[in-house]
Amino acid sequence: MRIVHLVAHLGGGVGKAHSALCGADGGDVRRHYVLLEQPRDRRYVDAVIAAGAEVTVAPTPAEARALIAEADILQVEWWNHPKLYEALVRWALPASCTVFWSHVSGLHAPFIPPALVSAPERFLFTSSCSVARPAVSGLSEETRRRIDVVNSGFGFGSSGRPSLRRAGRVGYLGTVDFSKLSRDFFAVVERAGAAEPVSLWGAVDADSEVLAHRSQAVRFEGHAADPEAALRQTGIFLYLLQPEHFGTAENALVEAMSLGCVPLVFDNPAERAIVEHGRTGFVETSVDAAAERLRWMLANPGEVMTMGVAAAEAMAATRNPRQSAQQLAAIYREVIDLPKRQIDYAALLGATPALWYLSTQGGWAMDASPLGPARKGTLAHFAQSFPGDASFAALRTKAAVA
């Protein structure tokens with residue numbers, strides 16, 4: 001089976017997931033990745049090539065059409081990247097047997113247009129929390145039968161051995177920015193009063209609001225060149241995210257648990273789908289409850305060590321690439337003989353870049369000025385990707401009138 005993947009890039013969690021999948025694939029699956037932009041970091045590109053996949057970077061529309069026409073299945077790696085919208089809407093893609101794999105939850109912005117979920121042969125989420133949202137549960141029975149969940153967050157191959165020293169070390173690894181990190185993170189740390197500073201692993205922008213929370217209670221470690229080594233020094237994984245974050249498979253959380261770290265998370269859907277409260281970690285609903293729980297964990301390292309073993313065992317059993325590769329292969333076999341179809345993506349997503357952006361927002365945004373840093377999926381990102389496009393001026397006019 002020849003699978004062509006249409007993907008903005010192979011960075012971050014998406015690249016990590018596919019490099020693991022390629023290494024776990026059976027011999028009947030051949031993957032070809034069509035990257036819509038040049039990779040900033042070739043680590044995962046090189047990994048999928050080493051595993052036997054092919055990669056084409058920044059093709060012309062004609063080149064992309066030819067590759068898709070030759071494929072048995074087109075798999076669209078979905079998130080709200082401007083270049084992906086452009087390819088789907090403007091490149092006149094040929095008829096194909098299409099599978100979407102969403103790498104955002106759709107619970108909050110960026111939302112997934114319900115009509116897009118209904119369009120392909122299969123629409124795959126990476127967490128069961130996405131299937132429970134009203135926009136999905138309200139779809140027709142026929143459409144819901146074409147929806148599935150395939151995990152894309154995988155642990156490390158071998159677990160770390162918990163120790164009393166490690167059990168008392170608290171850390172976070174991931175996006176160190178309030179786009180994902182909870183604004184209450186630092187309040188929990190301060191109230192818990194840990195004897196050692198909490199380590200925050202992850203790059204921080206120079207203008208980030210997070211830096212205003214520098215104190216003796218936290219240590220900004222910067223980018224983790226070796227995440228596994230950082231996590232093997234950690235016993236308590238303080239993964240407190242804001243309630244409307246965009247994550248779904250939560251790679252960092254799964255990786256930490258696979259190494260015996262015990263997570264403390266807020267009661268958000270994506271984290272709740274991974275952490276079993278009281279057995280593999282703790283799920284708390286408030287700042288006070290999280291601070292009290294962190295104090296308990298620091299005072300009871302033996303119980304933390306036991307729970308770390310359970311966390312590692314759970315991730316080994318439920319979050320491994322072999323399972324996801326087998327599940328994807330089974331889905332490919334189910335759809336491979338279906339008639340190839342063209343999908344009118346302009347009808348589903350809109351015809352202009354401004355409409356593409358708005359399709360992720362659940363309505364149009366009052367703040368329609370494409371100013372500020374062009375962080376992924378923002379209006380500034382879309383405006384930067386399509387400089388001078390008139391649709392953004394129309395959007396600003398609409399916002400001003402409102």
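The values are calculated or read from the model by the stated rules, or taken from the named source; none is laboratory data. Here the structure is a predicted model, which means the values were calculated and not measured. Every residue, glycine among them, receives a Cβ derived from its backbone with ideal geometry; neighbour counts consider all protein chains shown. Note: accessible area is taken over every heavy atom of the protein model, side chains too, but ligands, DNA and RNA are not part of it. Shrake-Rupley method; radii C 1.70, N 1.55, O 1.52, S 1.80 Å.
Checking Arg219 against (1) modelled with pLDDT of 95 or more; (2) closer than 18 Å to Pro263 by Cα, which single condition isn't satisfied?
Answer for Arg219: the failing condition is (2).
When residues of the stretch 180-235 are filtered for being among the basic types (Lys, Arg), closer than 24 Å to Leu298 by Cα and touching a strand residue (DSSP E or B) at 6+ places or on another chain (Cβ under 6 Å), how many remain?
Taking the stretch 180-235 first, the residues among the basic types (Lys, Arg) are 180, 183, 191, 214, 219, 232.
Subset that is closer than 24 Å to Leu298 by Cα: 183, 191, 214, 219, 232.
If we keep only those that are touching a strand residue (DSSP E or B) at 6+ places or on another chain (Cβ under 6 Å) as well, we get 219.
Number of matching residues: 1.
Would you call Glu276 free of Cβ contacts under 8 Å to residues at least 40 places away in the same chain and open to solvent by less than 30 Å² (accessible area, probe 1.4 Å)? Steps first, answer last, please.
Working: free of Cβ contacts under 8 Å to residues at least 40 places away in the same chain: yes; open to solvent by less than 30 Å² (accessible area, probe 1.4 Å): no.
It is false that Glu276 is free of Cβ contacts under 8 Å to residues at least 40 places away in the same chain and open to solvent by less than 30 Å² (accessible area, probe 1.4 Å).
Does Val76 count as over 30 Å from Asp207 (Cβ atoms) and either open to solvent by less than 10 Å² (accessible area, probe 1.4 Å) or modelled with pLDDT under 95 (or both)?
Details: over 30 Å from Asp207 (Cβ atoms): yes; either open to solvent by less than 10 Å² (accessible area, probe 1.4 Å) or modelled with pLDDT under 95 (or both): yes.
Taking the combined requirement at face value, the residue satisfies it.
So that you can scan it fast, the table gives a plain yes or no per residue for (1) of a type in the set (Gly, Ala, Ser); (2) in contact with an Asp or Glu (Cβ under 8 Å, 6 or more places away or on another chain); (3) closer than 25 Å to Arg333 by Cβ:
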site: Ser19; (1), (2), (3): yes, no, yes
site: Gly27; (1), (2), (3): yes, no, yes
site: Arg42; (1), (2), (3): no, no, no
site: Val48; (1), (2), (3): no, no, yes
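Looking only at residues in the stretch 184-195 that are of a type outside the set (D, E, K, R) and part of a helix (DSSP H, G or I), which one is farthest from Gln242 (Cα to Cα)? Give the derivation first.
Within the stretch 184-195, the subset of a type outside the set (D, E, K, R) is 185-189, 192-195.
Those left that are additionally part of a helix (DSSP H, G or I): 185-189, 192.
Details: Phe185: 9, Phe186: 12, Ala187: 13, Val188: 13, Val189: 15, Ala192: 19 Å.
So, considering only residues that are of a type outside the set (D, E, K, R) and part of a helix (DSSP H, G or I), the one farthest from Gln242 (Cα to Cα) is Ala192.
Return the residues of the stretch 258-273 that are in a helix (DSSP H, G or I) and either touching a Pro at 6+ places or on another chain (Cβ under 6 Å) or closer than 22 Å to Glu190 by Cβ (or both); say none if nothing qualifies.
Listed by number, the list holds a single entry, Glu271.
In the stretch 175-186, how many residues are open to solvent by 30 Å² or more (accessible area, probe 1.4 Å) and among the small types (Gly, Ala, Ser)?
Residues in the stretch 175-186 being open to solvent by 30 Å² or more (accessible area, probe 1.4 Å) and among the small types (Gly, Ala, Ser): 1 in total.
Hey, among the residues in the stretch 1-13 that are modelled with pLDDT of 95 or more and open to solvent by 10 Å² or more (accessible area, probe 1.4 Å), which one's farthest from His381 (Cα to Cα)? Lay out the reasoning, then the answer.
Here is the first cut: in the stretch 1-13, the residues modelled with pLDDT of 95 or more are 1-10.
When the remaining residues are screened for being open to solvent by 10 Å² or more (accessible area, probe 1.4 Å), the result is 1-2, 9.
Numbers: Met1: 35, Arg2: 32, His9: 15 Å.
Among those that are modelled with pLDDT of 95 or more and open to solvent by 10 Å² or more (accessible area, probe 1.4 Å), it is Met1.
How about the stretch 316-338: which of its residues are in a helix (DSSP H, G or I) and in contact with a Ser or Thr (Cβ under 8 Å, 6 or more places away or on another chain)? Before the answer, list the steps.
As a first pass, look at the stretch 316-338 and keep what is in a helix (DSSP H, G or I): 316-318, 321-335.
Across the stretch 316-338, the qualifying residues are Ala316, Ser324.
Name the single residue, out of those in the stretch 16-61 being of a type in the set (Asp, Glu) and within 30 Å of Arg90 (Cα to Cα), that is surrounded by the most Cβ atoms within 10 Å (Cβ to Cβ).
First pass over the stretch 16-61, keeping only residues of a type in the set (Asp, Glu): 25, 28, 37, 41, 46, 54.
Next, from what is left, pick out any that are within 30 Å of Arg90 (Cα to Cα): 37, 41, 46, 54.
Numbers: Glu37: 16, Asp41: 12, Asp46: 14, Glu54: 14.
Applying the filter and picking the extreme gives Glu37.
Being at pLDDT 90 or above, open to solvent by 70 Å² or more (accessible area, probe 1.4 Å), in a loop (DSSP other than H, G, I, E, B) and not aliphatic (A, V, I, L, M): is that true of Arg161 here? I'd like the intermediate steps shown before the answer.
Working: at pLDDT 90 or above: no; open to solvent by 70 Å² or more (accessible area, probe 1.4 Å): yes; in a loop (DSSP other than H, G, I, E, B): yes; not aliphatic (A, V, I, L, M): yes.
No.
Give me the pairs: first residue in the stretch 390-401 and closer than 9 Å to Ala354 by Cβ, second residue open to solvent by 80 Å² or more (accessible area, probe 1.4 Å) and at pLDDT 60 or above, beta-carbon distance under 7 Å, and six or more apart or on different chains, which are they?
Ser391/Leu355
Please state which of the following conditions Val170 fails to meet, knowing it meets all the rest: (1) open to solvent by less than 40 Å² (accessible area, probe 1.4 Å); (2) within 19 Å of Phe246 (Cβ to Cβ).
Of the numbered conditions (1) open to solvent by less than 40 Å² (accessible area, probe 1.4 Å); (2) within 19 Å of Phe246 (Cβ to Cβ), the odd one out for Val170 is (2).
Count, please, the residues in the stretch 339-391 that happen to be more than 25 Å from Val204 (Cα to Cα), assigned to a loop (DSSP other than H, G, I, E, B) and at pLDDT 75 or above.
Residues in the stretch 339-391 being more than 25 Å from Val204 (Cα to Cα), assigned to a loop (DSSP other than H, G, I, E, B) and at pLDDT 75 or above: 16 in total.
Sort through Ala92, Ala109, Ala115 and tell me the only one that's in contact (Cβ under 8 Å) with a residue 60 or more places away in the chain, open to solvent by 20 Å² or more (accessible area, probe 1.4 Å), part of a loop (DSSP other than H, G, I, E, B) and over 25 Å from Ser324 (Cα atoms).
Working: Ala92 fails: in contact (Cβ under 8 Å) with a residue 60 or more places away in the chain; Ala115 fails: part of a loop (DSSP other than H, G, I, E, B).
One residue alone meets the criteria, Ala109.
Which of the residues that make up the stretch 328-351 are among the hydrophobic types (A, V, I, L, M, F, W, C), under 18 Å from Ala95 (Cβ atoms) and surrounded by 12 or more Cβ atoms within 10 Å (Cβ to Cβ)?
Here is the first cut: in the stretch 328-351, the ones among the hydrophobic types (A, V, I, L, M, F, W, C) are 328-331, 335-336, 338, 343, 346-349, 351.
With under 18 Å from Ala95 (Cβ atoms) added as a condition, the list becomes 335-336, 338, 343, 346-348.
Of everything in the stretch 328-351, those that are among the hydrophobic types (A, V, I, L, M, F, W, C), under 18 Å from Ala95 (Cβ atoms) and surrounded by 12 or more Cβ atoms within 10 Å (Cβ to Cβ) turn out to be Val335, Ile336, Leu338, Ile343, Ala346, Leu348.
Let's see how each residue does on (1) open to solvent by 50 Å² or more (accessible area, probe 1.4 Å); (2) assigned to a loop (DSSP other than H, G, I, E, B):
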| site | (1), (2) |
| --- | --- |
| Phe123 | no, no |
| Ser130 | no, no |
| Val136 | no, no |
| Arg144 | yes, no |
| Asp148 | yes, no |
| Asn151 | no, yes |
| Phe154 | no, yes |
| Gly157 | yes, yes |
| Arg166 | no, no |
